[in-house]
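Everything below concerns the one structure shown next.
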Amino acid sequence: MPEHVTVRETIEYTVVLEGWEKGDFSHLSHLDADNTKTVVREIIGHRHEPDYMIGLDDDRQVHILYADGTEVFAHRSHDAVIAHFREITGYTGHLELFDDLEDTDKSWNVM
């Protein structure tokens, strides 16, 4: 469950000119500075990325999608849970499917 924070920082710095710049200072940066100081620092964005996990409940015979440990979706079909996960996260990578959308008992039958 990573947190993402976007920070905007305004710095002030002084660069010692050695005569070769000839009035074009566009190439100078804080890396050329003798000293720097932060003038303003503000948090301009904050978002939480949920930690998803797929589990199952044998008593209820459902597959469960958890977000940060809280049940957010349950279904007898494993593939329905995968489809819901993809829908809410936009995940496009490979995930193993049971092909149990039509026959929701398929993943619960013990062979």
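The values are calculated or read from the model by the stated rules, or taken from the named source; none is laboratory data. Computed from a prediction, not measured in an experiment: that's the story for all the values here. For neighbour counting, all protein chains shown are included, and Cβ atoms are generated from backbone atoms with ideal geometry for every residue, glycine included. Please note that ligands, DNA and RNA were not included when accessible areas were found on the heavy atoms of the full protein model with its side chains. Shrake-Rupley method; radii C 1.70, N 1.55, O 1.52, S 1.80 Å.
All of F85, F73, F98 fail the test of being assigned to a loop (DSSP other than H, G, I, E, B) and of a type in the set (F, W, Y), apart from F98. Among the residues of region 1-10, the ones that are modelled with pLDDT under 90 and open to solvent by less than 80 Å² (accessible area, probe 1.4 Å) come to 1 in all. When the residues of region 65-104 are filtered to those that are of a type in the set (S, T, Y) and in contact with a helix residue (DSSP H, G or I) (Cβ under 9 Å, 6 or more places away or on another chain), the one that is farthest from H48 (Cα to Cα) is T104. Remark: pairs (first residue in region 95-109, basic (K, R); second residue surrounded by fewer than 12 Cβ atoms within 10 Å (Cβ to Cβ); Cβ separation under 9 Å; 6+ apart in sequence or on different chains) = K106/D99.
Among residues of region 69-83 that are without any contact (Cβ under 8 Å) to a residue 24 or more places away in the chain and of a type in the set (D, E, K, R), those with a beta-carbon under 9 Å from a residue that is open to solvent by less than 40 Å² (accessible area, probe 1.4 Å) and part of a helix (DSSP H, G or I) at least six positions away or on a different chain give the pairs D79/S107. Just one of the listed residues (L95, L31, L56) is under 24 Å from N109 (Cβ atoms) and open to solvent by 50 Å² or more (accessible area, probe 1.4 Å), and it is L56. Answer with yes or no whether V72 is surrounded by 10 or more Cβ atoms within 10 Å (Cβ to Cβ), touching a Lys or Arg at 6+ places or on another chain (Cβ under 7 Å) and at negative phi. Here the answer is no, as V72 does not meet what is asked.
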